[in-house]
Amino acid sequence: MNADLLITGISQLVTAQGSGAKHGAAMRELHVVERAAIAISNSRILWMGREHDWKGDTLASVDVGDRAVVPGLIDPHTHAVWAGDRLADFDARTSGETYEAILAAGGGIRRTIRATAAATKDELLSLAEPRIRALLRSGATTIEVKSGYGFTPTVEIAMLEVIQTLAARTPASLLPTLLIHIPPSDIAERSRYIAEICTELIPEVARRKLATAVDIFVEKEAWHADEAALVLQSAKQHGLAVKLHTEQFQRIGGLELGVEMSALSVDHLEACSPDQLATFATSSTIATILPGVSLHLGIPAAPGRQLIDAGAAVAVGTDLNPGSSPLFSTAAALALAVRLNGLTAQEALVAGTVNAAHALGLADAGRLEVGLQADFLVLEGSDWRELVYTLGGNPVREVWIRGERLEV
């Protein structure tokens with residue numbers, strides 16, 4: 001057996017057991033090999049196991065110095081492309097205004113929509129690139145990026161084109177999602193807007209392969225479940241996967257719609273009630289929780305512990321955005337999920353790797369396995385649990401993608 005590169009000096013080589021999305025107690029099952037090595041050939045894992053068991057030849061080797069290695073993290077929920085800021089909203093919230101009241105008054109997402117529509121694609125690109133680099137430095141080797149601040153089909157497509165350019169400029173894998181964020185302020189315009197999305201925007205996005213999925217925000221101040229169903233049905237008819245932002249503030253049927261339509265994921269779930277938890281138990285839909293929102297907005301955290309105990313497959317993302325989660329570290333999102341959502345360290349690692357991959361429809365990412373792309377992280381310490389223990393510093397020493405160490 002001949003390898004291009006052998007990674008040695010691994011104190012712990014840690015990955016999720018098996019290839020499927022993890023439900024319930026299975027989220028605590030990890031495969032840990034001590035004193036390990038990884039052999040890489042043609043950007044993929046050729047062999048992995050105890051270092052002394054390697055019997056092949058290698059062209060080169062790298063000793064990582066008795067440090068832990070985990071799979072590259074998957075960030076399944078970001079809004080990394082935007083212009084402007086939400087500092088005035090931040091002042092209003094810290095003075096007592098609610099997120100919903102700010103949105104209803106024309107602030108919040110609508111403020112970002114105005115700023116994003118006024119920016120050029122080059123400006124959006126220059127603003128987004130350092131955000132993606134920050135996520136990459138924190139360990140995210142695969143990152144979902146949503147549109148949603150365009151509002152009009154023209155600007156939504158421009159945002160997706162920016163994401164397409166970003167994908168060509170970063171070694172991370174970027175997955176673009178078309179997000180249908182908020183409706184027109186004029187109630188009479190909602191039906192026309194839905195029709196435009198379903199008959200013009202989604203077909204154009206699908207034809208040009210600008211997105212892999214369509215997401216929609218289901219809340220009282222956003223879209224209702226019956227409206228969302230029309231959008232998601234159109235997405236599926238055009239060969240796109242579907243996702244939902246829902247149960248962030250109220251329960252108006254978004255979670256149930258997502259499960260019924262076999263959505264890849266339903267995201268947020270801060271307002272998820274105990275009687276909804278079992279909905280996930282027999283579903284392939286991933287429950288994606290976003291602890292940065294709870295920290296930044298001061299709202300109750302999604303019931304991660306209860307979701308897992310009820311049999312859900314839970315993923316974790318940053319929800320990087322200017323208004324409700326200015327969180328630029330995927331590793332920190334996992335650390336927060338342990339503190340705020342009640343996940344164990346083992347569950348957080350599964351939630352940020354194999355389960356997050358499944359939340360994006362990826363069956364071959366988020367784990368270390370022979371034949372898969374060699375995307376992994378070398379941590380600063382010898383114990384992998386430092387990934388979710390560390391606060392305020394970066395626990396990731398090296399990021400490797402396709403078998404190459406990045407300069408990040």
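Taking amide hydrogens as placed 1.01 Å from N in the peptide plane, the amide H of His245 sits under 5 Å from those of Ile216, Phe217, Val218, Asp267, each at least 5 positions away in sequence or on another chain. Determine the share of segment 54-191's accessible area contributed by carbon and sulfur atoms, expressed in whole percent, with a 1.4 angstrom probe. That share works out to 52 percent. When the helices of the chain are scored as -39500 (n - 2.57) per DSSP H run of n ≥ 4 and the total is divided over every residue, the value at 222 nm lands at -9000 deg cm²/dmol.
Please list, by residue number, every one of the trypsin sites (Lys or Arg not before Pro) in segment 54-87 that is coil in DSSP and has at most 14 other beta-carbon atoms within 10 Å. Intermediate values should be presented prior to the final figure.
Details: sites: Lys55, Arg67, Arg86; in loops: Lys55, Arg86.
Those satisfying the criteria are Lys55.
Given axes a ≥ b ≥ c from the Cα gyration tensor, I'd like to know whether segment 1-139 is rounded (a/c under 1.5), prolate (a/b larger than b/c) or oblate. Since a/c reaches 1.5 and a/b is larger than b/c, the shape of segment 1-139 is classed as prolate. For Ser382 and Ala278, the difference between the fully extended length at 0.36 nm per residue and the C-alpha to C-alpha distance is 33.7 nm. Taking amide H positions as modeled 1.01 Å from N, with prolines and chain starts lacking one, the residues under 5 Å from Ser173 and 5 or more places away or on another chain are Thr142, Ile143.
Under 1.5 on a/c is rounded, so check that first for segment 94-229, then, if it is not, pick prolate when a/b is larger than b/c and oblate when it is not; a ≥ b ≥ c are the square roots of the alpha carbon gyration tensor eigenvalues. In terms of gyration-tensor shape, oblate. To the nearest 10 degrees, how steeply does helix 109-118 sit against the main Cα axis of the chain, on a 0 to 90 scale? That works out to roughly 80 degrees. The residues of the chain present an accessible area of 38 Å² per residue when probed at 1.4 Å with all protein chains retained. Per-residue SASA remark: His31, around 80 Å² accessible (1.4 Å probe; ligands, DNA and RNA not included). The long axis of helix 153-169 is offset from the longest Cα principal axis of the chain by roughly 10 degrees. Close Lys pairs in the chain (alpha-carbon distance under 27 Å; sequence gap of 8 or more, or different chains): 14. Normalised by the number of residues in segment 91-238, the mean separation of alpha-carbon contacts (under 8 Å, six or more apart) gives a relative contact order of 20 percent. Where the centroid of each part is defined by its Cα atoms, how far is segment 224-290 from segment 115-184 in Å? First find each Cα centre; the distance between them is then 23 Å. Calculated from the structure at hand, semi-axes √(5λ) of the Cα gyration tensor in Å is found among (i) 32, 27, 22; (ii) 36, 22, 20; (iii) 39, 27, 18 as (ii).
Close amide H pairs (under 5 Å, H built 1.01 Å from N) link Arg86 with no residue at least 5 positions away or on another chain. In terms of its C-alpha gyration tensor, segment 207-306 has a prolate overall shape, because the principal axis ratio a/c (a ≥ b ≥ c, square roots of the eigenvalues) is not below 1.5 and a/b outweighs b/c. Taking the 1.4 Å solvent-accessible surface of segment 283-335 as the whole, the part contributed by carbon and sulfur is 61%.
Could you give the angle, 0 to 90 degrees to the nearest 10, between helix 330-340's Cα long axis and the longest principal axis of the Cα atoms of the chain? Helix 330-340 and the main axis of the chain meet at about 80 degrees.
Measuring with a 1.4 angstrom probe and ignoring ligands and nucleic acids, Arg405 comes out at about 120 Å² accessible. Using C-alpha pairs below 8 Å separated by at least 6 residues, the relative contact order for the chain is 22 percent. Taking every protein chain into account, the 1.4 Å probe leaves Met261 with about 20 Å² of accessible area, to the nearest ten.
The values are calculated or read from the model by the stated rules, or taken from the named source; none is laboratory data. As the structure is a prediction and not an experimental result, all values here were calculated from the model. With ideal geometry, Cβ positions are generated from the backbone for all residues, glycine too; neighbour counts draw on all protein chains shown. Heads up: the accessible areas ignore ligands, DNA and RNA and are worked out on the full protein's heavy atoms, side chains in. Shrake-Rupley method; radii C 1.70, N 1.55, O 1.52, S 1.80 Å.
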